[in-house]
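FYI, it's all coordinate maths here, none of it is from the lab. Being a predicted model, the structure only gives us computed values, none of them experimental. Positions of Cβ are generated from backbone atoms using ideal geometry, with glycine treated the same way; all protein chains shown enter the neighbour counts.
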Amino acid sequence: MHAASGRTAPALRLRGAAVLAALCAAGAWLAPATAAYPERPIRIIVPFPPGGASDVTARMFAEKFSQGWGVNAVVDNRTGATGIIGTDLVAKAAPDGYTLGLVALSFAINPAIHKLPYNSERDFTFVTITASNPLILVTGNQFQVKSVKELIDLAKAKPDSLTFASSGTGSSPHMTAELFKLMTGTKMTHVPYKGSTAAHPDLIAGRVNLMFDTVIATLPHIKANRLRPLGVTSKARSAELPDVPPIADTVPGYESTSWGVLMGPAKIPAAVVDRLNKESVRILAMADIRERLARLGSVPVGNNPDEARKFIRAELEKWTKTVKAAGITSDK
């Protein structure tokens, strides 16, 4: 009996060592991203053309990720279908933290209008809200109104006679105007264009009456006195246009800001999400980044993943109600 025990003890020790080695190997295979992330290039998909606020913000992150982590980070513009094409690529990417996306307000509007190849909550990991981007209500100089109150009074006096431009049906400028109509009880006619820059010549010439658009797109025209700003869509004034009052001063509770959210596909390991979030918040606190965002008319945010998810959920609910109230045709 004792002899048998002596023979089996070394075998058990060897077997235990083998099991331990196997477990260690399995652990190393299961969590390479959590232990060494990032160790290879990161791609940030932007579902919009180069030059806009989302693209510029994504390039700031790519630059700082590269500098801070010593890996190459690149921006990949995948445009089309009001951001749906690029967003779908993010949803279907491997959940390892090496493919991210930076989307904007259209992400919250699209589910109410379009049949999507992804679920806007279930199929994504939200890292952080990067920035908030107020829009500006502008008119051409030929248009007689000079305040939000005058605009509301005229629109009520002449229902459907006023026209507003947008960068396309379902875009953030369009939906911001629809929210304005809903909250003021006014009726105006929508004139969609293929992008905001395409609308500006008609707005300046007076062929359309007004438009909600981004600070970065309208600021050069405002400074050149080609467009007149009436109000900002955020509750606070814009740092770039401090003399322009919030629309909420006239329409209590009104707020419509575009925003950016850094996100990835669902099921990214929690440790990777945590690292991405902490680095993103650190980047958004940098003085040079805050200065560059201010030039875009953007206000840095940098919240945690739970806060980001709650914010996105609230935006999805808000814009679904707005689309329904506006009677916008759905392609679902």
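Can you compute the modelled spin-label distance between residue 197 and residue 270, with each label point 7 Å from Cα toward Cβ, in nm?
Here the modelled spin labels are 4.6 nm apart.
Going by how many other beta carbons lie within 10 Å of each one, how would you line up 213, 88, fewest first?
88, 213
Starting from the 7 Å offset along Cα-to-Cβ, what nm value, one decimal, do you get for the label separation of residue 291 and residue 85?
3.7 nm
Using a cut-off of under 16 Å, list every residue of segment 171-198 whose amide N is near the label point 7 Å from the Cα of residue 114 along the Cα-to-beta-carbon line.
171-175, 193-196
Tell me what the chain gives for mean residue ellipticity at 222 nm when only DSSP H runs of n ≥ 4 count, each as -39,500 (n - 2.57), the sum divided by the residue total, rounded to 500 deg cm²/dmol.
So the calculated ellipticity at 222 nm is -15000 deg cm²/dmol.
With a ≥ b ≥ c the root eigenvalues of the C-alpha gyration tensor of segment 263-316, is it rounded (a/c under 1.5), prolate (a/b larger than b/c) or oblate?
Cα axes put segment 263-316 in the oblate bin.
Pull out a ≥ b ≥ c, the square roots of the eigenvalues of the alpha-carbon gyration tensor of segment 192-311, then state rounded if a/c is under 1.5, prolate if not and a/b is larger than b/c, and oblate in the remaining case.
Because a/c hits 1.5 or more and a/b exceeds b/c, segment 192-311 counts as prolate.
Counting other Cβ atoms within 10 Å, which trypsin sites (Lys or Arg not before Pro) in segment 247-309 have at most 15 and lie in a DSSP loop?
267
Given a Förster distance of 25 angstrom, what is the FRET efficiency for residue 149 paired with residue 237, based on the Cβ-Cβ distance and rounded to 0.05?
Taking R0 as 25 Å, the efficiency between residue 149 and residue 237 is 0.90.
Could you list 256, 298, 120, 147 in order of exposure, starting from the residue whose Cβ has the fewest other Cβ atoms within 10 Å?
Ordered by Cβ neighbours within 10 Å, fewest first: 147, 120, 256, 298.
Considering only DSSP beta bridges where both residues belong to the chain, give the percentage that are antiparallel (nearest 5).
Beta bridges within the chain, antiparallel portion: roughly 60 percent.
Taking the alpha-carbon distance from residue 92 and a cut-off under 16 Å, which lysines remain once sequence neighbours fewer than 8 residues away in the same chain are dropped?
Counting by Cα, and skipping residues close in sequence, residue 92 has these lysines nearby: 267.
What's the exposure ranking of 178, 63, going from fewest to most Cβ atoms within 10 Å?
Exposure proxy ranking, most exposed first: 63, 178.
Give the residues of segment 234-276 whose amide nitrogen is closer than 15 Å to a point set 7 Å from the Cα of residue 314 in the direction of its Cβ.
Backbone N within reach: 234-236, 253-260.
At most 15 other Cβ atoms within 10 Å and a DSSP loop assignment: could you name the trypsin sites (Lys or Arg not before Pro) in segment 123-212 that fit?
146, 187, 194, 207
Using Stokes-Einstein with the Kirkwood hydrodynamic radius over Cα pairs, what translational diffusion coefficient do you get for the chain at 25 °C and a viscosity of 0.890 mPa s, in µm²/s rounded to a whole number?
Rounded, D is 113 µm²/s.
For segment 134-249, rounded, prolate or oblate, judged on the Cα gyration tensor with a ≥ b ≥ c (square roots of eigenvalues), a/c < 1.5 rounded, else prolate if a/b > b/c?
rounded
Placing unit charges on C-beta atoms (Lys and Arg positive, Asp and Glu negative, everything else neutral), compute the dipole magnitude of the chain about its Cα centre in debye, rounded to 20.
Dipole size: approximately 440 debye.
Within segment 134-249, how many Lys pairs that are eight or more residues apart, or on different chains, come under 14 Å at the alpha-carbon?
Within segment 134-249, the lysine pair count is 5.
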